[in-house]
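Working notes, beginning with the structure itself.
The values are calculated or read from the model by the stated rules, or taken from the named source; none is laboratory data. No experiment lies behind these values; they were computed from the predicted model shown. Just the protein is used for accessible areas: all its heavy atoms, side chains included, with ligands, DNA and RNA removed. Shrake-Rupley method; radii C 1.70, N 1.55, O 1.52, S 1.80 Å.
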Amino acid sequence: MAKALGQIEVRGKLGAILAADAALKEADVFLLGNETIRGGLTTIHIIGDVAAVKAAIKAGEVAVADKNCLISSHVIPRLDGQVEQMLMKSFGKKEDNPSDSNESNQPIIEEIEKDEDSSFDKEQLEKLRVADLRSLAYKSNLSTIKKSEIKSANKAVLIETLLDKGVKHNGID
């Protein structure tokens, strides 16, 4: 299930509490926390599945609209797992429910590390994060892509290059 990040920016602590309370009562979402900057501007960060976050953000907007507190709001659907980890770390939260992509990454990497002679297939490569694909590409000494190109290559290019090479985990064909 794809996760989404919803943010509501309001004026003052009252607006933040009202928005967060309404959002959390509206849908099954998780409150990451809030950030307050100069002038009392506060941003509420909410995470959950896309539909629930959209409903929660809408409820939060409605709750503060008549109090003249609402500044803006935004929903980022299908939040990347790395962004979620960054947010969890910045708010000091433990990942009880890591994103789906991270759940699928770890077992594949661990399984391949146990059996170093196993080759990757396309399905396994697609489940890996771009950072893991780049790491694998660096270790594999690929002749079809320069090391300087690996750091800017997107996921599709990395997968195609690794599949063309027939890469095994230990980098030996």
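Exceeding 30 Å between C-alpha atoms, which entries from my cross-link table qualify? They are LYS54/LYS93; LYS25/LYS67; LYS58/LYS127; LYS54/LYS147; LYS54/LYS122. Beyond 30 Å: LYS58/LYS127; LYS54/LYS147; LYS54/LYS122. Only protein atoms count toward the accessible area here, which uses a 1.4 Å probe; on segment 1-96, the carbon and sulfur part of that area reaches 54 percent.
Put the Cα centre of segment 11-74 next to the Cα centre of segment 129-161 and the gap is 40 Å.
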